[in-house]
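Here the structure is laid out as structure tokens; the discussion comes afterwards.
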Amino acid sequence: MTDSQIIREIKEGNIDSYAELMTRYQRKVLSFIHHMLKNTQLELLAEDLCADTFYKAFRSLHTFREAEASFSTWLYTIARNTVLSELRKQRSIQVSLDEDYSIVPEAPSEVVPENALLRNEKVLLVRQAINNLPEKQRSALILREYDQLDYQEIAQKLGQTVSSVKSLLFRARASIKVQLEGYVSEPGLKG
């Protein structure tokens, strides 16, 4: 059964069919939300925000217009807006690199401690660089790099054209490269 058929059933009063839509999209939406929350100390809210997303979608399903967007695009838009709303509420929370070390797993004892520290620092710097991106660039990059979606799928989920997605990804990668320039290429080091 297609999303459209399920939505039609729900609009006709069979609200139990909504469980099928949740089953189809819950894992992907949760992953998207979790990646948007990376390095914000709010990762634990991902499941709650995912539930909020599906609740808001259910309550607004009567406003969904298939001619304007696919259900997944509409749902990802609700998820993105739900996360952004929560981030605005939590704006006073400042991310500290020191506090993030507590969530990085300890390296095995056979690994040189200095290498493990450098690797952990690089992971945190990349996360911070991603979080510094404008919202559309960050969303596109997360969908491409973490969810492994192709350009067409990203365009659908974000309500953009494929060329816009390519442009967003190019700018996101360029911005991250600039942000990490001092850390990645240090004078005197050759790989």
### Pairs where the first residue, in the range 146-171, is over 18 Å from L75 (Cα atoms) and open to solvent by 80 Å² or more (accessible area, probe 1.4 Å) and the second is in a helix (DSSP H, G or I) and of a type in the set (F, W, Y), C-beta under 7 Å, 6+ apart
K166/Y151
### Task
Consider L75 carefully, then state whether it is at pLDDT 85 or above, under 27 Å from I10 (Cβ atoms) and of a type in the set (A, V, I, L, M).
yes
### Query
Conditions: (1) at pLDDT below 80; (2) surrounded by fewer than 17 Cβ atoms within 10 Å (Cβ to Cβ). N120 meets all but one. Number of the miss?
(2)
## Note on the structure
Apart from one, (1) of a type in the set (D, E, K, R); (2) in a helix (DSSP H, G or I); (3) within 21 Å of the chain's Cα centre (by Cα); (4) at pLDDT below 80 all hold for D147; the odd one out is (2)
### Task
With the checklist (1) open to solvent by 10 Å² or more (accessible area, probe 1.4 Å); (2) modelled with pLDDT of 90 or more in hand, flag the one item F54 doesn't pass.
(1)
### Task
Tell me, yes or no, whether the range 86-93 has at least one residue that is under 25 Å from K122 (Cα atoms), modelled with pLDDT of 75 or more and open to solvent by 30 Å² or more (accessible area, probe 1.4 Å).
yes
### Task
Scan the range 1-35 for residues that are β-branched (V, I, T) and either open to solvent by less than 80 Å² (accessible area, probe 1.4 Å) or in contact with an Asp or Glu (Cβ under 8 Å, 6 or more places away or on another chain) (or both) and jot them down.
T2, I6, I7, I10, V29, I33
### Message
Restricting to the range 57-80, name every residue that is among the charged types (D, E, K, R) and loosely packed, with under 15 Cβ neighbours inside 10 Å.
### Response
R59, R65, E66, E68
### Message
Take the conditions modelled with pLDDT under 90, among the basic types (K, R) and surrounded by fewer than 16 Cβ atoms within 10 Å (Cβ to Cβ) and apply them to K38. Does it pass?
### Response
no
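The values are calculated or read from the model by the stated rules, or taken from the named source; none is laboratory data. Every value quoted in this text rests on a predicted model; they were computed, and no experiment measured them. Glycine also receives a Cβ, built like all others from the backbone with ideal geometry; neighbour counts cover every protein chain displayed. Note: areas computed on protein heavy atoms with side chains; ligands, DNA, RNA excluded. Shrake-Rupley method; radii C 1.70, N 1.55, O 1.52, S 1.80 Å.
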